[in-house]
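The structure appears below as structure tokens.
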Amino acid sequence: MKVKSRADKIWDIVFVIFCLLVSAICIIPMLNLLAKSLSGVDYIVRSEVYLIPKGLNFKAYATVLKDAKYVRAFFWTVFLTIICTVASLTMTTLCAYPLIFEGLKGRKAINVFITITMFFNAGTIPNYLLMQKLNLLSNPLVLIIPGVMSVYNMIIMRSFFYGIPDSLRESAEIDGASFFRILISIYLPLSKPVMATLALFYAVGRWNGYSDALMYMRDAKYYTLQLLLYNIINNINQVEVATQEGFSAPGLSESLKAAVVMFSTVPILCIYPFLQKYFIHGVTLGAVKE
């Protein structure tokens, strides 16, 4: 067993303290929101709520759960996130896999064209006009198709495919396996870490996305949860909106905003523990013994 020097122990302590500070920076705002969402209106108005709820009150959560638009937006966002994640992983895989074959005609040109899209974009207005010409405005597909694949994520997956030994593919080709058979039987089983990582990237991106729904969606039935939250935060202090939402006290509006934020944040946080192991362990380690 290696004995650490005094300097190494000091650096370990400094690193642990740094990690604790970063964790506190991330956790404290969430605890503050949780405390506000569970506190009484009077305590919030007097700015007495910090990290511990005062005057325990579940009225804000009851308001959220009783309102059909919140519940509908929540389940619609969950469904949309699942569909977009599956579609994005499929398109990313189908794009990255052929590009690892050196015999693919036009491979270099395709790589260049795909990479260019990372740096150049037509802009908001041309994209809006394109969606209009394609009759996708106020169509649920407008929340799926335009962002179905990220070039950055595709490059990550392609790089991971490059790291899988060619001897595995060559042995499968000798046995008569087709390209799709090699993908399904060899590359995908060995790509669980990158698939899980990209799935999390796509899921978080879609869950937190609201700008596309804000620009392209006119039907309130297809508003995402984040767009609903965006509208609440921007309009909560207006008297007419406060009347429509069913509250009038400033403290309740703050409590409701906190409850909606928790309502929209906690579900996506629950996904991480199930994917964490894939960030740590590489399943290709030792797959081939030379």
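The values are calculated or read from the model by the stated rules, or taken from the named source; none is laboratory data. Here the structure is a predicted model, which is why all the values come from computation and not from measurement. Cβ sites come from the backbone with ideal geometry, for glycine too, and all protein chains shown count toward neighbours. For the accessible areas, the whole protein counts, side chains as well, though only heavy atoms, and no ligand, DNA or RNA atoms are used. Shrake-Rupley method; radii C 1.70, N 1.55, O 1.52, S 1.80 Å.
General remarks:
- When the chain is described by a simple charge dipole with +1 on each Lys and Arg Cβ and -1 on each Asp and Glu Cβ, the residue from I27, N111, G147 located farthest towards its positive end is I27.
- Mean sequence separation of contacting Cα pairs (under 8 Å, at least six apart), scaled by the length of the chain, corresponds to a relative contact order of 29 percent.
- 1.4 Å probe accessible area per residue over the chain, in Å²: 62
- Stretching S167 away from R107 to a fully extended chain increases their span by 19.5 nm, per 0.36 nm per residue minus the current alpha-carbon distance.
- Among the listed pairs K108/K133; K36/K192; K54/K221; K36/K66, those beyond 29 Å (Cα-Cα): K108/K133; K36/K192; K54/K221
- Under the criterion of Cα pairs below 8 Å and six or more residues apart, the relative contact order for the stretch 89-218 equals 41 percent.
- Here the 3J(HN,Hα) profile of the stretch 221-229, calculated from phi with Karplus coefficients 6.51, -1.76 and 1.60 at θ = phi - 60°, is 5, 10, 5, 7, 4, 5, 5, 4, 5 Hz, Gly and Pro shown as x.
- Residues considered: A96, A203, A62. Largest GNM mean-square fluctuation over the chain, using C-alpha springs under 10 Å, is found at A62.
- Hull volume per residue, based on the alpha-carbon atoms of the stretch 33-287 and their convex hull, is 162 Å³.
- Taking every protein chain into account, the 1.4 Å probe leaves M118 with about 80 Å² of accessible area, to the nearest ten.
- Tilt relative to the chain, helix 192-208 - C-alpha long axis, 0 to 90 degrees, to 10: 30
- Listed peptides 208-219, 14-25 appear in the order 208-219, 14-25 once ranked by packing, highest mean of other Cβ atoms within 10 Å at the front.
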